[in-house]
Amino acid sequence: MSALPETIQGESMPSPEIAGPKPAPAGEPTPTEQTGLDETLYLVGRPTLKRFIRYVRSHTISPPDEGALADEWKAANQIISSLETDEAGRADHPPIRKMGPEDEPLLIELFKDPLVRHGFNTVPTEVAWVELDRLVVYQKHIDLTFARQLEKKLGPAPDADTIFRTCLPYNHPQPPAKWSRVHHDTFVFVSPSNDLRFLGTMPLQPNQIKDYPPPGNLVGVVGLGIGFGSNFMNAIYSGNRLILNNGSHRAYALRRMGFTHLPCIVQHVSSLAELDVVGATEVVDDSEYYLKHPRPSMLPDYFNSKLHKVMPVHRRIRQVTVKFEIEEGFVPSL
C-alpha cells in the first residue's frame, strides 16, 4: 500500500477516544422479537420514488399503500431541496487527520495483513482519522438489527484499540457460510452476511494445489473465488470529497454511540478512470451526483427522522450461485 508524502490537513479534531454528543436517535421502533424479522432504515427522498416504493413493497412486512409512500417520499424530497441550499458545499473539503505516534503499534499490525498490501495498492492510499458527519454515503439502507448487535458487542465504552480494530480488522473473523454442489456445473454458497460475494478468478498451477488428489495429469486449474471482502472501513477522496466506500454499518453504529471520528483507509483518486477501478458501482455510475452535487447524501441523513423510513423486514440470507460451462472440440490444424 502506498502512502502519500503528506496527509491532507483540515480543521483540528478531537482525540479519537473522546465521544462527541450523540446524534438524535434514528427513530426506530422497539426491536421486534418475532423470529425471522429484522429492521431496516432506508433513506427517503433521494432514490427515485419508483425505487423507494419498489424497495418497501418487496422487503417490508405489510407495506403501506403507494399513495402513503408517495406522500412520505415527497415530504423528504422537499427537505432535501432545502438542504441543497442551506448546506451547499457541506461535503466539500472534509478534514482528514494523519495518524499519531500512539497509533503506530496498531498500524504495524495492520500493514502485515496481505489484504492491505495487495488490496490497496492501485492508487495513493493512507490510513487516517476521518470525520463521520462529513462523509458522503451511497448506501441507501442500514440493517438496524445488525447495527444494534455491533453496539452490544462493543459495550458502552470501547477503548481506542477496540475502535481501531473494529474499523480496520486484521484478524478477519469469518461469518458463517455453507456451500454445496447442486448440479454437475453449479455450486451454491449461502451466508447471513451481506458481504458474501464473488471474489474473481484465480489461474493456478498444479503445484499450487495441496492435499487434494488430482483427477488427472493437470495442466492448469481455474479457481472461482467466493468469500468475503477485506471488510476494512474505506473511503475514497475524490473531487475534494470523502465518499464512504465500505463500512456503512460500523460508521452508523459508532456514530450512534457518540463517536465523531474513526480510523479509515483513504484512497486518493485523481480521475474517473481510477474511480472506475476502486469505487463502488453505484458511485461510478452516478459520479456526477456524488462528486459535484451541492449537497449529496451524507451520513447525518441516517439520523434525520424526516429523511428515512424504518421498517420491519423479512430476514434474508445472501446466496451466490456459481455456474461454469465447458466446451470441447477440434479445430483444423495450422
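The values are calculated or read from the model by the stated rules, or taken from the named source; none is laboratory data. For clarity, every value in this text was computed on a predicted model and none was experimentally measured. Note that each Cβ is placed from the backbone with ideal geometry, even for glycine, and that neighbours are counted across all protein chains shown. These area figures cover heavy atoms from the full protein model, side chains too; ligands, DNA and RNA do not enter into them. Shrake-Rupley method; radii C 1.70, N 1.55, O 1.52, S 1.80 Å.
The figures follow:
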| read-out | value |
| --- | --- |
| Pick from region 196-206, criterion without any contact (Cβ under 8 Å) to a residue 24 or more places away in the chain and either open to solvent by 50 Å² or more (accessible area, probe 1.4 Å) or hydrophobic (A, V, I, L, M, F, W, C) (or both), ranking: farthest from ASN246 (Cα to Cα) | GLN205 |
| Condition met for ASP301 (under 20 Å from the mean Cα position of the chain (by Cα), under 29 Å from VAL116 (Cα atoms) and charged (D, E, K, R)) | no |
| Test for ALA235: is it at pLDDT 90 or above, open to solvent by less than 20 Å² (accessible area, probe 1.4 Å), touching a helix residue (DSSP H, G or I) at 6+ places or on another chain (Cβ under 7 Å) and small (Gly, Ala, Ser) | no |
| Meets criteria (over 17 Å from the mean Cα position of the chain (by Cα) and either in contact (Cβ under 8 Å) with a residue 60 or more places away in the chain or farther than 24 Å from VAL278 by Cα (or both)) for PRO176 | yes |
| Test for TYR212: is it under 12 Å from the mean Cα position of the chain (by Cα) and either exposed (fewer than 14 other Cβ atoms within 10 Å of the Cβ) or among the aromatic types (Phe, Trp, Tyr) (or both) | no |
| Hits in region 269-300 (condition: surrounded by 19 or more Cβ atoms within 10 Å (Cβ to Cβ) and over 17 Å from LEU43 (Cβ atoms)) | VAL269, LEU275, VAL278, GLY279, LEU291 |
| Condition check for SER248: crowded, with 17+ Cβ neighbours inside 10 Å, of a type in the set (Ser, Thr, Tyr), under 14 Å from LYS140 (Cβ atoms) and under 20 Å from the mean Cα position of the chain (by Cα) | yes |
| Every residue from region 215-226 that is open to solvent by 80 Å² or more (accessible area, probe 1.4 Å) and at pLDDT 85 or above | ASN217, VAL219, VAL222 |
| Test set (1) modelled with pLDDT under 85; (2) over 29 Å from ASN304 (Cα atoms) - ASN194 fails condition number | (2) |
| Some residue of region 166-185 being in a helix (DSSP H, G or I) and open to solvent by 30 Å² or more (accessible area, probe 1.4 Å) | no |
| Any hit, region 264-273, residues being under 26 Å from GLN174 (Cβ atoms), without any contact (Cβ under 8 Å) to a residue 60 or more places away in the chain and among the small types (Gly, Ala, Ser) | no |
| Residues located in region 152-165, provided they are surrounded by 15 or more Cβ atoms within 10 Å (Cβ to Cβ) and closer than 20 Å to ILE265 by Cα | ALA160, ILE163, PHE164, ARG165 |
| Segments classed as helices (runs of 4 or more DSSP H), wholly inside region 51-151, with at least 1 members that are open to solvent by less than 60 Å² (accessible area, probe 1.4 Å), touching a helix residue (DSSP H, G or I) at 6+ places or on another chain (Cβ under 7 Å) and among the aromatic types (Phe, Trp, Tyr) | 66-86 |
| Filter result (open to solvent by 70 Å² or more (accessible area, probe 1.4 Å) and not small (Gly, Ala, Ser)) within region 301-320 | LYS306, HIS314, ARG315, ARG316, ILE317, ARG318, GLN319 |
| Flag if SER193 is open to solvent by 20 Å² or more (accessible area, probe 1.4 Å), touching a residue at least 24 places away in the same chain (Cβ under 8 Å) and of a type in the set (Gly, Ala, Ser) | yes |
